[in-house]
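Here the structure is laid out as structure tokens; the discussion comes afterwards.
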Amino acid sequence: MAQSKVNGSHLRKRRDGASELALRAYLDTNVLVEHYWWKYFGKEKPRKSKAVLLVEKGFRGDYDCHISYVNIMELSSHLRDWFLLQKVVKGGFSYHNFKREKHRYTLSPEQKKLVGKIMSDYTNSPFVNYIEVDEVSHLFFVRIRSFVDNYIELMDAFHIVLAQAVECDYIVTKDRELRARFQRIISEKIVELPSSLKPISPTAFLKLLK
């Protein structure tokens, strides 16, 4: 693990795989969700989407792929909620009651084990840079708030700031609204940006790799 200090915050980052000259990309959680759904739950292995192809290329070291602890928190929450939703529905409740009723249920040991395995597969890949935050400074949160104040969702702001901190070229996301809002911030110089990070779709980023 290499350690760097950004805005007074300590971040640990594994860099075992891709070349220093490779494009550096931070993957939004929605890209990873589509990949794990295909990999672990696609019974007939349907045709790979652009997001799936992108993650697979990152796992092979075709570009300098970055994910963070924030991704893993969102991924595990998404997966746990999927298992709990099935239990809530089988319990006779509608989808609309999910948030209220999900706390009455727990994951089975097998489901917990699967969640742990999936998370481990992403964090332990030799070609994936996994970012962990050891210490967080006041300035780190100031930067987060600067994005939130300009209509970027809180978790998206965390992803952007972490991607900037490790000097990624792109943040790859399926979220069109996020891409549009972040691009407006860049174009109009609304927020002081410490790097040249740009938003991009999985399709557009794959074209850059060819």
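Quick one: how many residues across region 105-121 are of a type outside the set (A, V, I, L, M, F, W, C), in contact with a helix residue (DSSP H, G or I) (Cβ under 7 Å, 6 or more places away or on another chain) and not in a loop (DSSP other than H, G, I, E, B)?
1
From the list F98, F93, F41, which one is among the hydrophobic types (A, V, I, L, M, F, W, C) and either touching a His at 6+ places or on another chain (Cβ under 8 Å) or surrounded by fewer than 14 Cβ atoms within 10 Å (Cβ to Cβ) (or both)?
F41
With touching a residue at least 24 places away in the same chain (Cβ under 8 Å) and within 23 Å of Y36 (Cα to Cα) as the only criterion, which of F140, F98, F127 stands out?
Unique residue meeting the criteria: F127.
Could you list, in sequence order, the residues of region 161-203 that are of a type in the set (G, A, S) and more than 10 Å from A25 (Cα to Cα)?
Listed by number, the residues that qualify are A165, A180, S187, S195, S196, S201.
Looking only at region 112-143, how many residues end up being within 16 Å of H159 (Cβ to Cβ) and touching a Cys at 6+ places or on another chain (Cβ under 9 Å)?
Total meeting the criteria: 2.
Against the conditions (1) of a type outside the set (K, R); (2) out of contact with any Leu (no Cβ under 6 Å at 6 or more places or on another chain); (3) surrounded by 17 or more Cβ atoms within 10 Å (Cβ to Cβ), where does E135 fall short? Just the number, please.
(3)
Name the residue that is farthest from the chain's Cα centre (by Cα), counting only residues in region 55-96 that are charged (D, E, K, R) and more than 24 Å from L154 (Cβ to Cβ).
K90
Values in this text are rule-based calculations from the coordinates and carry no lab data. Keep in mind that this is a model prediction, so the values were computed, not measured. Cβ sites come from the backbone with ideal geometry, for glycine too, and all protein chains shown count toward neighbours.
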